[in-house]
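The values are calculated or read from the model by the stated rules, or taken from the named source; none is laboratory data. Here the structure is a predicted model, which means the values were calculated and not measured. All Cβ positions, glycine included, derive from the backbone under ideal geometry; neighbour counts span all protein chains shown. The protein model used for the area step is the full one, side chains on, heavy atoms only, and it has no ligands, DNA or RNA in it. Shrake-Rupley method; radii C 1.70, N 1.55, O 1.52, S 1.80 Å.
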Amino acid sequence: MFILRDILLPLQDHFSETTLGRERASLFVYTILSIIVPFTSSMTSNLWRCLDTLFGFEIKNKRFYTFMASPTLPWAGLWQTIWGLIPSPETDGRILVGLDDSIITKVGKKIFGCEAIFDHAAKSNQSKYPWAQNIVSVGLLKQVKGRWACLFLDFRFYLPLKTIQGKKETATIRGEVVPFQTKMAQAAQMLIEIAEHFSTVPILAVTDSWFGNNGLWKPAYKAIGNRFNILSRLRCNNVLYDLPEKRKPKQRGRNKKYGQRLGSATDMARHATSQHSGTPVTNIHSPTQRMGDALVALRPSQLRTKPCSVKTTSNGWTAIRNAILASLARYLMQLST
């Protein structure tokens, strides 16, 4: 516990010196301790009970929920301090970060960041446009006690342009409308800040096919340089090209942007599978279908299972506030053991 005290004290320094600021700093630290203590699951309601039962922190239910949903917490300074507390963030000499966006359904109509967001993973009995927060998150991929964990490093609330132009209450902080940023710009900004903090370590961003394009690569690579790389999945209709040939002396015209056309991801997967006798070729019918079906065809027949249609949800990381505080708790637990 003495180690936790030395770690938690720097986090309190980012809150203001006012009476309210000191109260929020104390509540922030005790909330982290409530997550660490094996009292119950880290739901907001359970954390509130833990604060009252174990620590004697008297606070009304509504006020605690308001604190947990506050958009004015000093996350910028908190994240910088937390990044510096990570003992060994590298994995094989580089930092692995996971990037994704998620939606969290809400009920209150005045909660910051809420809007009717399209849910591409909604089930048949669910709304396609739930009232929810859309959050772009970056997390550190690290093995903790032999298992892979995603420890939050930063996040941004994404609001559609129409919400900001309409100057809705859910898009304002202290009466001022927040500026608009695309998801790509938000993701690039977070990666650049992380790369600036870990200024000598290569950064590998692991993401899905939505972020794995030039919209994220161009601004991030321009600011970070050769230390930045992206590992993402390809859509089956993405066309791949070889590197362009070197320019010949006195060659006319501009330099070639692409080399020889290699084909789409589907064509290359079919070509790879056809080289193995007895291995079936998987036909991918939908442009949005993942390459997983084609990769299954590469497995030996004795390792393949019967194909079936599986419908999964991909809302990403849920319960963002509790997950962020839980990630802080994992940092502290790793340092104290």
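Within region 52-78, can you find the residues that are without any contact (Cβ under 8 Å) to a residue 60 or more places away in the chain, outside any loop (DSSP other than H, G, I, E, B) and under 27 Å from GLY113 (Cα atoms)?
ASN61, LYS62, ARG63, PHE64, TYR65, THR66, PHE67, ALA76
On the given criteria, is LYS257 farther than 30 Å from THR182 by Cα and open to solvent by 100 Å² or more (accessible area, probe 1.4 Å)?
So LYS257 fails the test.
What single numbered condition from (1) in a loop (DSSP other than H, G, I, E, B); (2) over 14 Å from VAL136 (Cβ atoms) fails to hold for GLN181?
Status for GLN181: all satisfied but (2).
Identify, please: which residue in region 1-26 is among the hydrophobic types (A, V, I, L, M, F, W, C) and part of a loop (DSSP other than H, G, I, E, B) and is, among those, nearest to the chain's Cα centre (by Cα)?
Once the filter is applied, the top-ranked residue is PHE15.
Considering only region 90-110, how many residues are in contact with a helix residue (DSSP H, G or I) (Cβ under 8 Å, 6 or more places away or on another chain) and either crowded, with 17+ Cβ neighbours inside 10 Å or within 18 Å of ALA188 (Cα to Cα) (or both)?
Here the count works out to 6.
Could you please give the count of residues in region 214-238 that are modelled with pLDDT of 85 or more, exposed (fewer than 15 other Cβ atoms within 10 Å of the Cβ) and more than 30 Å from THR81 (Cβ to Cβ)?
2
So if I check each of ASP52, ASP13, which one is over 22 Å from MET190 (Cβ atoms), at pLDDT 80 or above and surrounded by 13 or more Cβ atoms within 10 Å (Cβ to Cβ)?
Answer to the check: ASP52.
Tell me whether region 21-38 contains one or more residues that are charged (D, E, K, R) and open to solvent by 80 Å² or more (accessible area, probe 1.4 Å).
yes
Within region 162-176, track down each residue that is farther than 15 Å from TRP131 by Cβ and surrounded by 14 or more Cβ atoms within 10 Å (Cβ to Cβ).
Result: ILE164, THR172.
List, please: which pairs have Cβ atoms under 7 Å, are six or more places apart or on different chains, and start with a residue in region 132-152 that is touching a residue at least 12 places away in the same chain (Cβ under 8 Å) and end with one that is open to solvent by 40 Å² or more (accessible area, probe 1.4 Å) and β-branched (Val, Ile, Thr)?
ALA132/THR105; LEU141/VAL206
Of these, LEU151, LEU191, which one is modelled with pLDDT of 90 or more and surrounded by 15 or more Cβ atoms within 10 Å (Cβ to Cβ)?
LEU191
Starting from region 8-29, keep only residues that are among the β-branched types (Val, Ile, Thr), then list their pairs with residues that are part of a loop (DSSP other than H, G, I, E, B) and at pLDDT 85 or above whose Cβ atoms are within a distance under 7 Å, requiring at least 6 positions of separation or different chains.
Matching pairs, first to second residue: none at all.
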